[in-house]
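Read the structure below first, then the notes.
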């Protein structure tokens, strides 16, 4: 029998992870106080099968465009805000149109050069909410909470312009707040776009 995750353990893990990351923040492509604006496009493919999250009944693939803002509170470590004004889910009962707002953090853990081009690998975690004109998944509700975990790569194309691409695992569900049933959906997502340093 599966039981829900203990929120106190989750919080303790997040605090320990943040402490380790802050201890390792020094140097890198991004310094404390830097700000970065990004524009990305994403394709999401619904996962059909077992994942760490239960009751994942959603099957609608999706496509979206997002705007992001990263503020570096330390070298290599940024707080993130991301707005997705339109995400389209291709569901069996018709397309569902949603918007999404997420907050999170991104840490650039490895940097190197490829043919004199600076490259950085990062990990990120975000949480937020999604609202749509129709329920997502079909058996769910119009309002969902979201959680994203992923990795990505940034390649510096010019002094203030970078190309970013990456992978995210997204879980969305209504948390039993807005519907008696909480079918949820899990997605593999890939994204790509550009990031611009704001000076």
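We did not get these values from a lab; they are worked out from the coordinates using the rules stated. Note that this is a predicted model, so its numbers are computed, not measured. Glycine gets a Cβ as well: all are built from the backbone with ideal geometry, and neighbour counts include every protein chain shown.
Averaging 1/r across all pairs of distinct Cα atoms in segment 97-141 and inverting the result yields a Kirkwood radius of 13.5 Å.
Length available on full extension from residue 39 to residue 198: 0.36 nm per residue minus the Cα-Cα distance, which gives 55.9 nm. Note on 114, 47, 196: ascending count of other Cβ atoms within 10 Å places them as 114, 196, 47, the fewest first.
Order of 162, 120 from fewest to most other C-beta atoms within 10 Å? Intermediate results must be reported in sequence, preceding the final value.
Details: 162 24, 120 20.
Arranged by neighbour count, lowest to highest, 162, 120 become 120, 162.
Taking 7 Å steps out from each Cα toward its Cβ at residue 134 and residue 116 produces label points 5.3 nm apart.
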